[in-house]
Amino acid sequence: MSTQHLNLTLKVWRQKGPADKGRFDTLQVRDISPDMSFLEMLDVVNEQLTLEGKAPIAFDHDCREGICGMCGAVVNGRPHGALKGTTLCQLHMRHFENGDVIAIEPFRAMAFKVIKDLAVDRSAFDQIIQAGGYISVNAGGAADANAIPVPQDRAELAMDAAQCIGCGACVAACPNASAMLFVSAKLSQMALLPQGRPEAARRAIAMVRAMDRMGFGNCSNETECEAECPKEINITNIARLNREYFKAGFGSAVK
Amino acid sequence: MNWLADTLTSSIGKKWLMALTGLSFCVFLFTHLAGNLTLYGGRAAFNAYAEQLHSLGALLLVAELGLLLFALIHVVTGLTLFLQNLKARPVRYQVNKSGGGRTIGSATMPYTGLLLLLFVVFHLINFSFVDKTGTTIYDIVTQAFADPLYVLLYVAAMIVAAIHVSHGLWSAFQTIGANHLKYMPAIRILSILFALVVACGFGFLPIYLLISA
Ligand code: FES
């Protein structure tokens, strides 16, 4: 781990808008503290660009603590950078060397349109959630917290799936731009719990149809998603989604 | 019956088709290999096996038509998935790097698949749709593999087949949902073992015939 400040060459994807073709711009940045996060480094670059009268690099971010799922870019070919289990906002510059050339691209998929530079429209995910990624709770008095028994191991599995922050790195990492890891996590967190069972069949069909409609690719079990997921969601969730979809398709009355 | 079409043509439905047809090909490979092993028994053993097989008559025809239908489904669905997946990322990455998930098998599935399709056609022309009057299948096979070029081609094809099934087998389990944390290591190992069985089992036969010719 070095404490030496870094001088870097950035190759950043610049695209004026969805219709623009886009291109790489090469920027020299100097004197970056290794304690900065990747996004803070971009902040410094943007300040510099603004002072020079140039347009700052547009990128998504919100919480900057790895829990909201807003940030994300492909850094040297790896979504959220090469560090395992880390979002881009939690990736620190100490993982880079002085003199590094860093290529920064937006998440690329037909279902994820580039809005500007590194900012990408991931509302396709929202539409999948709207299609079925919820449980219906009728209004009324709050239910007793422990009225429905849930075995500990099930609860753990459901919590593991619920770790998904919906950042889209799985789609970005998938050679087929498939959204199966995201959909499987969002389905599993409910399919695993008794509260999610009443709507399980309808949910599975609705979410898979929405996913297909959005133009995501088909999963071919490359497992790149699991390798790049900042929350390390396991691909056995995808096996569960396949099972749930089978049960819904052939073992339920839902059409 | 709209629901059935909707289910089978969805992304997951197409994957089931790939998995189920692919798994049946694995079973077929296994029985084909078991039969081929009679080649080590010499002329009489292999010809007796072939005769026994053909005495099945209608049953054999049904099996062959079934395999043909499955092959059609596997190839057409596979190509559809391949093209859809290309379309799903219209702008490619400039820097492409694996996070460590892909294997040679998984990354080359469509290409090894197409090579295998070519091989199967070639193989059928060689040994199935061949004039067998005045000779036996054993003679046809041993004559073919007296040629080192044939041996090389067949061994190469079996390596391609092994690469294809090394991803295909575990992938099929995952796709039909027969996987969870407990099974994962087992089905991945099973896949590699099966790939080795295919490569060595089929691959050594032509070499053996060449040496003993
Ligand atoms: S900004 Fe919220 S996860 Fe990175």
Top of A:Ala204, A:Ala143, A:Ala119 by mean-square fluctuation, Gaussian network on chain A, Cα under 10 Å: A:Ala143
Averaged over A:79-87, number of beta-carbon atoms from partner chains that fall within 10 Å: 1
Simple spin-label estimate for B:Val95 and A:Asn146 in nanometres, 7 Å along Cα-Cβ: 5.2 nm
Of A:Met110, A:Met36, A:Met214, the one that fluctuates the most in a GNM where chain A has Cα springs shorter than 10 Å: A:Met110
Candidates per GluC sites (Glu not before Pro) in region A:41-104, loop by DSSP, up to 16 other Cβ within 10 Å: A:Glu52, A:Glu65, A:Glu97
Other-chain or far-sequence residues with amide H under 5 Å of A:Asn218's (modelled H): B:Asn85
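What does the helix-only formula give at 222 nm for chain B: each DSSP H stretch with n ≥ 4 adding -39500 (n - 2.57), the total divided by the residues, and the result rounded to the nearest 500 deg cm²/dmol?
After summing the helix terms and dividing by the residues of chain B, the value is -26000 deg cm²/dmol.
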Shielding by partners - mean other protein chain Cβ count within 10 Å, residues of B:77-86: 3
Hydrodynamic radius by Kirkwood, which averages 1/r over all alpha carbon pairs of the protein assembly as shown, in angstrom: 25.2 Å
Whether chain A is rounded, prolate or oblate, judged on the alpha carbon gyration tensor where a/c under 1.5 counts as rounded: prolate
Note, ³J(HN,Hα) from phi for region B:64-79, Karplus 6.51, -1.76, 1.60, rounded to Hz, x at Gly and Pro: 5, 5, x, 5, 4, 4, 4, 5, 4, 4, 5, 6, 5, 5, x, 5
Peptide A:104-111, shielding by other chains (average Cβ, 10 Å cutoff): 3
Euclidean distance of C-alpha centroids, region A:46-60 and region B:8-46, integer Å: 59 Å
Cubic angstrom per residue, convex hull over Cα atoms of region A:105-255: 125 Å³
For A:Phe250, A:Phe125, order by how many other beta-carbon atoms lie within 10 Å, fewest first: A:Phe250, A:Phe125
Net +/- balance of residues flanking B:Ala88 in space, Cβ distance below 12 Å, scoring K and R +1, D and E -1: +3
Trypsin sites (Lys or Arg not before Pro) within region B:84-132, DSSP loop, no more than 10 other Cβ atoms inside 10 Å: B:Arg92
Candidates B:Arg89, B:Arg43, B:Arg188, ranked by Gaussian network fluctuation over chain B, Cα under 10 Å, top entry: B:Arg89
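Values quoted throughout were computed directly from the atomic coordinates according to the rules given, and no laboratory measurement underlies them. Fair warning: this is a prediction, and the values are worked out from it, not measured in the lab. Glycine gets a Cβ as well: all are built from the backbone with ideal geometry, and neighbour counts include every protein chain shown.
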